There are 2 protein chains.
Amino acid sequence: MFSKFTDDDFRYFEKLLPGRALRGNTINEDYYHDELGTAFGVPDVLVKVLCTQDVSQVMKYASERNLPVVVRGSGTGLVGGAVAICGGIMLDTSLMKKVLELDENNLTVTVQSGILLMELASYCEERGFRYCPDPGEKSATIGGNISTNAGGMRAMKYGVTRDSVRSLTAVLPSGEIMQFGSKVVKNSSGYDLKDLIIGSEGTLAVVTEATLKIIPKPEHSISILVPFQSMRDAISTVPKIIRAQVTPVATEYMSQDVILFAEEYLGKKFPTHDSDAYLLLTFDGNTREAVMHDMETIAELCLENDAIDVYMIDTEERSASVWSARSAFLEAIKGSTDQMDECDVVVPRSLVADFILYTHEVAKKTGLRIPSFGHAGDGNLHIYLCRDGLDEKTWEERKDSAFDLMYARAREIGGLVSGEHGIGLDKRTYLRDALGERQLEIMRGIKNVFDPKGILNPGKVI
Amino acid sequence: MFSKFTDDDFRYFEKLLPGRALRGNTINEDYYHDELGTAFGVPDVLVKVLCTQDVSQVMKYASERNLPVVVRGSGTGLVGGAVAICGGIMLDTSLMKKVLELDENNLTVTVQSGILLMELASYCEERGFRYCPDPGEKSATIGGNISTNAGGMRAMKYGVTRDSVRSLTAVLPSGEIMQFGSKVVKNSSGYDLKDLIIGSEGTLAVVTEATLKIIPKPEHSISILVPFQSMRDAISTVPKIIRAQVTPVATEYMSQDVILFAEEYLGKKFPTHDSDAYLLLTFDGNTREAVMHDMETIAELCLENDAIDVYMIDTEERSASVWSARSAFLEAIKGSTDQMDECDVVVPRSLVADFILYTHEVAKKTGLRIPSFGHAGDGNLHIYLCRDGLDEKTWEERKDSAFDLMYARAREIGGLVSGEHGIGLDKRTYLRDALGERQLEIMRGIKNVFDPKGILNPGKVI
């Protein structure tokens, strides 16, 4: 077991990080939970680190004293990953915001892990570059994105966070500082530790810096919003789009109910909300002609597949309104109910429609309201179970039964538990069901290699 | 230590794999070494497996009997990775050639690991699809490509082998059959074991099947061959190309001497061989206009950067002649000397020219001939040390001294030991120098989790 946190421990941190070590009710209660608030835990101390060296010192001390450590960026997680369920040290990276290098020749940017996604995005865009991944939650830190291998809305063309990480500086539980990967673009030099750290949800090492791939900002971009009579019509068009020699940057699916929530939440009208189901597609490229050609190819294909219409999102204003609505879906659904929980399955892209229809069945079967939206181009769905005033016991029962049904179906059709939000505390049972005990045993063995004392984010993932 | 291989062991394999277990001088001597022949080892038994179940049985027996196992595809490796230096069992996957599924909706192809790269490529191309990675050695197996995370000539636009592997079926040293990853395109479900297996050179598990990403075959493609006055002129153009809002599929660097070897080796003329240095660039896309636009942008940029001329490779015949020459470089250099060894460093793309110039210095310093070529767009160079009739002792001394110099320089400038050929037996010292003892310790810990008896490809990588 872990040691009890003492006054001496606090004095050590106060001295190490003057003015940046807090405890008791000087810690804001936001630090007790994450965005969804399904898990709860009170850290004994909150330490705000500024650099890799700080993190190294904190970990060295924690390791010697056998104190648990939970790393936290913005706390925008949805599965209880960054909650201090065993108390101990909460290591807050949110002050580590520096851009350390922009390498225009090798097209990389090196940042500290606490920089927000929106800060990183504007830093790059202002200089004519783009950091490709575009998760909906712009106030997440890049460290948080790395810890769950976040995907986001440009994954279809540009890949997920993992695909944009060239190297990581990370601190082992022992306090040792390591460099995993390098600025180079190919690597066959020993086991792939970089990709093992990515997606490990702060259980193997503390990521403090990352060198990220950037691209020259595409010169031309256009989106279309395509209403369909039904969800099946919309979704069944996606495999055809994928086969059409054109790769949209994004292919997002949205249903009418979710759009209405977003309109209400933002107090802004969406360009259209009369149809049941929509695809929102974006295209980018080097020439206006090429982008228009791609867009027209897909617009025609949608119309051939029973789309009702095709709206060009060709003004800055329209684009901002549509994409701000898309980014607000999670918050908007949250605003529509008193409590919710989430299922972030990823399924083969050809089976997305079947899976959404299945969630409608689950909604009927369990009596829960279950709105959803998703990255149709990636097969990654975000499905929300809404409490809508149910009493605690009924809510827990219905929720468990709905999760059981949905994860079992995902497993049957070759899907996985999480596309981009991770396992954290809440999805561990489903991970075990999906991968089997033997794979979890391997993961535990790997955890033990990095963290023999088990102090880093204990109780999470595996 | 391992058990001694006995007659009983052989009888077991004879019964398990009738007609597919060989020993003594029925084993072709090609199995004693790989393509470069730097390492040597005689397996006690060669078993030719047909399916995952065969592999599972072989591994279960090997594990119980404590016999070492080396997996081998086509034996085209260059670092001694697939050589049975401890004797024991050589597990030959070259009969495992089946295509198990083509999923046109999810754009994946599932194959057994012994299929050759050229067989996989034509299977896909004949059906209107493309498996993107394109390593020079077309007679390598896909399993071999996965084991070293091979890159190849389309990595600049389409990534390396890792980027195209969605899931693996692999057999643990214990004989247990595991599925790592899934057909889905995003994943945040526990530690990334799939990417850990990729690039592990057959030391963690035996890959038996792979589900690979494919794309619709691009409709238009064109290459240009661009002669420059000097290597520095050629290479210093590459960062500008990377920044030019255009991503070529390939950006290959070649020098006059290597082209002349290839002409002699193939008995065919290259379109031009009068200049010191060349870039070979390919562009692809959905419309002829877009591809021509990309090509013209880069052609102009090359001419502004002192290119002597731009040759369009716009006929099937010309394209075949240029690319077959490019694919033959390794063989051609091999044909120009009695023995050679190779350095496969990868360096930041902006420092490729500096590194090549440094190899010229090393050639002078050591008195060795050191031709090179490379994937300039990826910073991955293939540098060859040629023996040219030197006596054994002089050759070994000069070779070691040249390797020491080159790997030390690569380390200094943020490069890595291997871009795509792996570590195997030959590059272990340089891997340790590059990563440090602590990272190797972590890798050994991970090896121990997968393979506690250490029977899988012992003595390699770490």
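Each value in this text was obtained by applying a stated rule to the coordinates, not by laboratory testing. Computed from a prediction, not measured in an experiment: that's the story for all the values here. Neighbour counts are summed over all protein chains in view; Cβ atoms, including those assigned to glycine, are modelled from backbone coordinates with ideal geometry.
Before moving on, here are some points about what is shown:
- log₁₀ of I(q)/I(0) at q = 0.06, 0.08, 0.13 Å⁻¹ - chain B, Debye sum with one point per alpha carbon: -0.26, -0.48, -1.24
- What separates the B:Glu396 label point from its copies, with the point 7 Å along Cα to Cβ, is 7.2 nm, written shortest first.
- In this structure, the pairs whose alpha-carbon distance is over 19 Å, taken from A:Lys186/B:Lys399; B:Lys399/B:Lys427; B:Lys157/B:Lys194; A:Lys213/B:Lys213, are A:Lys186/B:Lys399; B:Lys157/B:Lys194; A:Lys213/B:Lys213.
- Cβ-based exposure ranking for A:Thr315, B:Thr161, B:Thr110, B:Thr237, in which fewest neighbours within 10 Å come first: A:Thr315, B:Thr110, B:Thr237, B:Thr161
- Annotation: lysines with alpha-carbon distance below 17 angstrom to A:Lys4 (same-chain offsets under eight excluded): A:Lys60, A:Lys453.
- Convex hull per residue volume in Å³, alpha carbons only, for the protein assembly as shown: 168 Å³
- For the stretch A:220-330, the Cα gyration tensor yields ellipsoid semi-axes of 22, 17, 10 Å (square root of five times each eigenvalue, largest first, whole Å).
- Of the trypsin sites (Lys or Arg not before Pro) in the stretch A:224-326, those whose Cβ has at most 15 other Cβ within 10 Å and which sit in DSSP loop: A:Lys268, A:Lys269
- By the helix-only formula, in which each DSSP H run with n ≥ 4 contributes -39500 (n - 2.57) and the sum is divided by residues, the protein assembly as shown has a 222 nm mean residue ellipticity of -11000 deg cm²/dmol.
- Counting other Cβ atoms within 10 Å as a rough exposure proxy, the listed residues A:Ser113, A:Ser336, A:Ser372, B:Ser230 run B:Ser230, A:Ser336, A:Ser372, A:Ser113 from fewest neighbours to most.
- About its Cα centre, the dipole of the stretch B:99-216 is roughly 340 debye, where the only charges are +1 on Lys and Arg Cβ and -1 on Asp and Glu Cβ.
- On Cα atoms only, tilt of B:7-16 relative to the major axis of chain B in degrees: 70 degrees
- Remark: for residue pairs A:Lys217/B:Lys240; A:Lys48/A:Lys98; A:Lys447/B:Lys460, the C-alpha separation exceeds 18 Å in A:Lys447/B:Lys460.
- Label zone (A:His360, point 7 Å along Cα-to-C-beta; backbone nitrogen cut-off 20 Å) within the stretch A:291-305: A:305.
- Relative contact order [Cα under 8 Å, 6+ residues apart], chain B, whole percent: 16 percent
- Note on A:Lys269: aspartates and glutamates with a C-alpha under 16 Å away, same-chain residues under 8 apart excluded, are A:Asp257, A:Glu316, A:Glu317.
- Set of the stretch A:34-48 residues, backbone N closer than 15 Å to the point 7 Å along the Cα-Cβ line of A:Ser139: A:34-37
- Chain A: angle of helix A:52-65 to the longest principal axis, Cα-based, in degrees nearest 10: 60 degrees
- Exercise: per-residue mean of other protein chain Cβ atoms within 10 Å, A:192-198: 6
- 7 Å along Cα→Cβ, label-point gaps from B:Lys453 to other copies, nm, shortest first: 3.6
- Short-range pairs are left out: with C-alpha atoms under 8 Å and at least six residues apart, the relative contact order of the stretch B:99-216 is 33 percent.
- For the protein assembly as shown, the residue among A:Gln57, A:Pro348, B:Ile235 whose Cα projects farthest onto the positive side of the dipole built from Cβ charges is A:Gln57.
- Computed about its Cα centre, the charge dipole of the protein assembly as shown is approximately 2040 debye, with only Lys, Arg, Asp and Glu carrying charge at their Cβ.
- Fewest-first ordering of B:Met292, B:Met90 by other beta carbons within 10 Å of each residue's beta carbon gives B:Met292, B:Met90.
- Position B:Glu361, label points 7 Å along Cα→Cβ, spacing to each other copy in nm (shortest first, one decimal): 6.9
- Global form of the stretch B:7-95, assessed from the alpha-carbon gyration tensor, a/c cut-off 1.5: prolate
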